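Step one of this worksheet: look at the structure below.
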Amino acid sequence: RRSGFHRRQRAATFCPKMLSLLSLYPLSLALATSRPPVGAALEAAVTPSDIFAAAERIDPPYPPYEFSHRHMEQDVHQRKRQSLASNALGRLSRLLVGGGCDAARSAALRDARLPRLLLCAAVPSASVADGACASLDTVVARHVATSLAALAALCAADAASSSSVHGGAASEELRPLCGGARLLADRADALAERMSLASAVSSRWAARRLFGTDAAVPRLDARAAELPYDVLPGLVALPAAEEGEPAPRAWLPSVARLAGRLTAEGFASVIPFEQQELLTAAGQRVRERRSTCWLAEAGIGALAYSGKLMPPSPLEACPL
């Protein structure tokens, strides 16, 4: 009887505690599941603040690679870190490049959280070095190319919108981005052979937009050498990495000097733009929504474009 009494007494003693634990369990479960994964949060983001808030949860790659959990040191998580950061940069670019975005883009590029996000995309895996595994390099190269192109689009748009203020020079306020941008460009060049031709050309163009003639990407240059044309950006999107260093030089300084005065209205007043018919994949002819023009030197024929032939207008007649 005594032992039975003690058992009942213990049950009566511990039962309220057990009920308390059980009542707290649904609350802890709700708290644990209320925040979506980083990838889902990035896809759902509709503002730069949303993107930065989600990106802050990406484990940082800073030396000496102190991770929040030891398993984050594994290569699969290292590659996921680069993939998530690449996605975040791509989302920022799609959201902030275009008309009417100048103020929001300027604020995002100067946000103290952007250099950290850039390093999350730029720093290679702490477990498997670039070049150690061809199949992994192909995947990583795609993330690097996406990140570099997104950053270049953002910074180049900022340079274009502020060129009249800075006289065609990049804003010194973007200096915190130089280290991560250079690391991305260097990795893109090292992984050039693992990229598609389109990604290699895009990465080379992005490096030239960011660093002007200081863009040292010989492997990307070699990949693009087979193309019948070259692209020379007229503005440099980033300043010198260190204060007091000479500013990077543009490939086309004349365009840099003109950039502040070039407007859509000015182009439309001197270039004979037209809206013509296009041939769709379904075989239908539709009127194109944008106006186009093919300017060419004497002796160059029409441009075949989307089922139409664009006859050239004389280039020398254009005062620009």
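The solvent-accessible area of Trp294, taken with every protein chain present and a 1.4 Å probe, is close to 70 Å². Each Lys or Arg adds one and each Asp or Glu subtracts one; over the other residues with Cβ under 12 Å from the Cβ of Ala129, this totals -2. Taken about its Cα centre, segment 158-250 carries a charge dipole of about 300 debye when Lys and Arg each add +1 at the Cβ and Asp and Glu each add -1 at the Cβ.
These residues, Arg289, Arg182, Arg249, go from largest to smallest accessible area, 1.4 Å probe, as Arg289, Arg249, Arg182. Seen from Ser162, the other residues with C-beta closer than 12 Å to its C-beta sum to a net charge of -2, counting Lys and Arg as +1 and Asp and Glu as -1. The overall shape of segment 102-167 is prolate: from the C-alpha gyration tensor, with semi-axes ordered a ≥ b ≥ c, the ratio a/c is 1.5 or greater and a/b exceeds b/c. Solvent-accessible surface of protein heavy atoms, probed at 1.4 angstrom with all chains present, puts Asp50, Asp111 in the order Asp50, Asp111, largest first.
Summing charges over neighbours of Gln276, with a neighbour being any other residue whose Cβ is under 14 Å away from its Cβ, gives +2 when K and R count +1 and D and E count -1. When +1 charges are put on Lys and Arg Cβ atoms and -1 charges on Asp and Glu Cβ atoms, the dipole computed for segment 172-320 relative to its Cα centre reaches about 460 debye. Give the Kirkwood hydrodynamic radius (Å, one decimal) of segment 69-193, defined as one over the mean of 1/r across all pairs of different Cα atoms. About 15.2 Å, per the Kirkwood formula over Cα pairs. The listed residues Lys80, Lys308 rank as Lys80, Lys308 when sorted by accessible area, largest first, using a 1.4 Å probe. Counting only heavy atoms of the protein chains and using a 1.4 Å probe, Glu193 has close to 130 Å² of accessible surface. Ordering 143-152, 98-107, 234-243, 113-122 by mean Cβ neighbour count within 10 Å, with the highest value first, yields 143-152, 113-122, 234-243, 98-107.
The values are calculated or read from the model by the stated rules, or taken from the named source; none is laboratory data. Worth saying up front: this structure is predicted, and the values here are computed from it rather than measured. No Cβ is skipped: glycine too gets one built from the backbone with ideal geometry, and neighbour counts run over all protein chains shown. Side chains included, ligands, DNA and RNA excluded: accessible areas come from the protein's heavy atoms. Shrake-Rupley method; radii C 1.70, N 1.55, O 1.52, S 1.80 Å.
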